[in-house]
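Asks: Next up is a structure, given as structure tokens.
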Amino acid sequence: MSSGPQSGPQCGASPSATSPTQWGAYCALVRWDWVREMKKKTTLISMGVMGLITLFLFSFAIPISSTKAEILEDTRAGILWVTFLFAATIGIDRAFRNDAESGLLEGLLLAPVERMTLYFARVTSTLLFVVTLQGFLFVLFLVLFNQSISGEGLVGLIVSAIATDVGFVTIGVLISAMTWSLPGGDVMLRILLFPMLLPILNVTVEVADRAFDGRAPTAQQLGMLFAVDALFLGAGSLLFEHLVNDSGGSS
Amino acid sequence: MSTAALRVHSVWKRFGARDALAGVSLEAPRGACFALLGHNGSGKTTLLRILSTLWQPTEGDIEVLGYSLAKDASAIRARIGVVLDRHLLPRDFSLRDGLRMYADLHAVPDAAARIESLAARLGLARRLRDPVRTFSRGMGQRASICRALLHDPEVLLLDEPFTGLDAAALDVTESVIEEIKAAGRTVVLVTHDLERAARLATHAVVLSNGRKVFEGDPVAAASVAGSAS
């Protein structure tokens, strides 16, 4: 057997462990979430495939021809966001399910990290996955549907998309923590999540529509998106701890 | 600061209509090796999971190292190490990366050296690069002990640490527990291995149907637990 630390009993030798700051723990959680995803890329690939399939189905359903251009003009913003939503929901559903099933969630809950820190870290990493995916799907959408977008419209679209994603992921991760252990939890997630997103989806689709016409979002539209973000963030920080306490099944 | 490592006062845990714990009280001094014994379903694991902060008691008060479980759970988690029935490491990571992740969460200084030394002590030094998913049950158990010891916890909570280990691994695990005791740390040991419990523990409690039925000498406790099962 090789020797342990130089002084004192091997396993009790103090490495002078200190409690991490919550910020340090948050950064570590986000970094390791990203490293884990990059190892296998299962979540990103699943989300990407779902997005691809949705875009292809829409491209078959809605004819891209000069005579029917007005149909596409009326529906393109909706197509884009329905695609984003379907694809991103897969990542949100997996925010806790995989970790809970493998037991890793218990390990994270045993770390000296406030539950709120764990929640915000998981929101951040899921948001990173969703935004990465959206960038890829957006380019694909422009190519498949032969669309273009001007500078001001693009900036407005990016700002509104990020504001929408924050609200979407914030409430989605919270509902994911609520549903992962339920039978049919993946379906339940969608049943609970989609109706809650209707207010921001309405606004963000309008903003996307304006963006394709080269117009920036109005202050009222952005205000609505940020207000919903604040509401969902507040709900998440209040409720998450109660959802993960007593985690890991019964005795 | 309290001199007791653990103070459990009138703790109840209900799952629906069933009382998994019914008014359990106990106190473990610092530096003790405290065995929790009892048959399946007696409430041992429930109590250990509550002490680990994973579960909340339905009623009652708990202090670990003087910190209230209700108010300072995060401070408690920084000072305890927990071994459960699963290793809790990311399956697709190498053992080194999995331990590194937990070392980061605990802000362990000089984590690389700490990981090397613990893995060597538990006979896993040659498996540090291997994915955790390739580990046998016994190796997973030893990896779990490595994870739990990374931050040099003041209290170590072990749920059936001897399950699935071969003879050599049993000896290593037992000697590791002895070293932890010798270093003045507190150990809480949930086990069905009454012989080992009697040998390792300094204090013992026997639970039956969620109630404490014996507290005292580990050898006598093992005898009570043996006759109750």
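Asks: On the basis of being farther than 30 Å from residue B:131 by Cβ and either surrounded by 20 or more Cβ atoms within 10 Å (Cβ to Cβ) or within 14 Å of another protein chain (Cβ to nearest Cβ) (or both), does residue A:83 make the cut? Before you say what the answer is, go through the steps one by one.
Replies: On the way: farther than 30 Å from residue B:131 by Cβ: yes; either surrounded by 20 or more Cβ atoms within 10 Å (Cβ to Cβ) or within 14 Å of another protein chain (Cβ to nearest Cβ) (or both): yes.
Judged against the criteria, residue A:83 is a match.
Asks: For the range B:63-108, what are the residues that are more than 25 Å from residue A:98 (Cβ to Cβ) and in contact with a His (Cβ under 6 Å, 6 or more places away or on another chain)? Step through it out loud before you land on a result.
Replies: From the range B:63-108, those more than 25 Å from residue A:98 (Cβ to Cβ) are B:63-72, B:75-76, B:78-80, B:107-108; that's our starting set.
If the condition is that a residue be more than 25 Å from residue A:98 (Cβ to Cβ) and in contact with a His (Cβ under 6 Å, 6 or more places away or on another chain), then B:108 is the only one that fits.
Asks: Do you know which residues across the range B:86-96 are among the polar types (S, T, N, Q) and surrounded by 20 or more Cβ atoms within 10 Å (Cβ to Cβ)? Show your work before the answer.
Replies: Looking only at the range B:86-96, we keep the residues that are among the polar types (S, T, N, Q), and these are B:94.
Across the range B:86-96, there are no qualifying residues.
Asks: Just give me the residues in the range B:60-77 being within 11 Å of another protein chain (Cβ to nearest Cβ), among the charged types (D, E, K, R) and surrounded by fewer than 24 Cβ atoms within 10 Å (Cβ to Cβ), in sequence order.
Replies: Answer for the range B:60-77, where residues must be within 11 Å of another protein chain (Cβ to nearest Cβ), among the charged types (D, E, K, R) and surrounded by fewer than 24 Cβ atoms within 10 Å (Cβ to Cβ): just B:72.
Asks: Which one is farthest from residue A:101 (Cα to Cα), of the residues in the range B:113-130 that are more than 9 Å from chain A (Cβ to nearest Cβ) and open to solvent by 40 Å² or more (accessible area, probe 1.4 Å)?
Replies: Taking the candidates together, the pick is B:126.
So that you can scan it fast, the table gives a plain yes or no per residue for (1) in contact with a Lys or Arg (Cβ under 8 Å, 6 or more places away or on another chain); (2) facing chain A (nearest Cβ under 9 Å); (3) in a helix (DSSP H, G or I); (4) hydrophobic (A, V, I, L, M, F, W, C):
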{"site": "B:172", "(1), (2), (3), (4)": "yes, yes, yes, yes"}
{"site": "B:176", "(1), (2), (3), (4)": "yes, yes, yes, yes"}
{"site": "B:181", "(1), (2), (3), (4)": "no, yes, yes, no"}
{"site": "B:187", "(1), (2), (3), (4)": "yes, no, no, yes"}
{"site": "B:192", "(1), (2), (3), (4)": "no, no, no, no"}
{"site": "B:204", "(1), (2), (3), (4)": "no, no, no, yes"}
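Asks: Name, by its number, the condition in (1) in a helix (DSSP H, G or I); (2) in contact (Cβ under 8 Å) with a residue 24 or more places away in the chain that does not hold for residue B:117.
Replies: Checking residue B:117 against (1) in a helix (DSSP H, G or I); (2) in contact (Cβ under 8 Å) with a residue 24 or more places away in the chain, the one that fails is (2).
Asks: Return yes or no: is residue A:122 in contact with a Ser or Thr (Cβ under 8 Å, 6 or more places away or on another chain), basic (Lys, Arg) and either assigned to a helix (DSSP H, G or I) or closer than 23 Å to residue A:237 by Cβ (or both)? Quick ask: steps written out before the conclusion?
Replies: Numbers: in contact with a Ser or Thr (Cβ under 8 Å, 6 or more places away or on another chain): no; basic (Lys, Arg): yes; either assigned to a helix (DSSP H, G or I) or closer than 23 Å to residue A:237 by Cβ (or both): yes.
No: the conditions fail for residue A:122.
Asks: Looking at (1) open to solvent by 50 Å² or more (accessible area, probe 1.4 Å); (2) closer than 19 Å to residue A:198 by Cα, which is the only condition residue A:56 fails?
Replies: (2)
Asks: Pairs, please: C-beta under 8 Å, at least 6 apart or cross-chain, first residue within 10 Å of chain B (Cβ to nearest Cβ) and in the range A:233-246, second open to solvent by 30 Å² or more (accessible area, probe 1.4 Å) and at pLDDT 90 or above?
Replies: Listed by first residue and then by second, the contacts come to A:241/A:116; A:245/B:56; A:246/B:56.
Asks: Sort out which residues of the range B:149-197 are in contact with a Cys (Cβ under 6 Å, 6 or more places away or on another chain) and open to solvent by less than 30 Å² (accessible area, probe 1.4 Å), and write them in order of number.
Replies: B:149, B:176, B:180, B:187
Asks: State the number of residues belonging to the range B:77-96 that are acidic (Asp, Glu) and modelled with pLDDT of 95 or more. Walk me through it before giving the result.
Replies: First, the residues of the range B:77-96 that are acidic (Asp, Glu): B:85, B:92.
Within this subset, residues satisfying the condition of being modelled with pLDDT of 95 or more are none.
Qualifying residue count, the range B:77-96: 0.
Asks: Follow-up. If I filter the range B:5-59 down to residues being hydrophobic (A, V, I, L, M, F, W, C), open to solvent by less than 10 Å² (accessible area, probe 1.4 Å) and without any contact (Cβ under 8 Å) to a residue 60 or more places away in the chain, which single residue comes out as farthest from the other protein chains (Cβ to nearest Cβ)?
Replies: B:8
Asks: Looking only at the range B:97-112, decide whether some residue is modelled with pLDDT under 95, farther than 23 Å from residue A:39 by Cα and crowded, with 24+ Cβ neighbours inside 10 Å.
Replies: Within the range B:97-112 (the criterion being modelled with pLDDT under 95, farther than 23 Å from residue A:39 by Cα and crowded, with 24+ Cβ neighbours inside 10 Å), the answer is no, since none of the residues qualifies.
The values are calculated or read from the model by the stated rules, or taken from the named source; none is laboratory data. Computed from a prediction, not measured in an experiment: that's the story for all the values here. Counting neighbours? That spans all protein chains shown, and the Cβs are built from the backbone with ideal geometry, glycine included. For the accessible areas, the whole protein counts, side chains as well, though only heavy atoms, and no ligand, DNA or RNA atoms are used. Shrake-Rupley method; radii C 1.70, N 1.55, O 1.52, S 1.80 Å.
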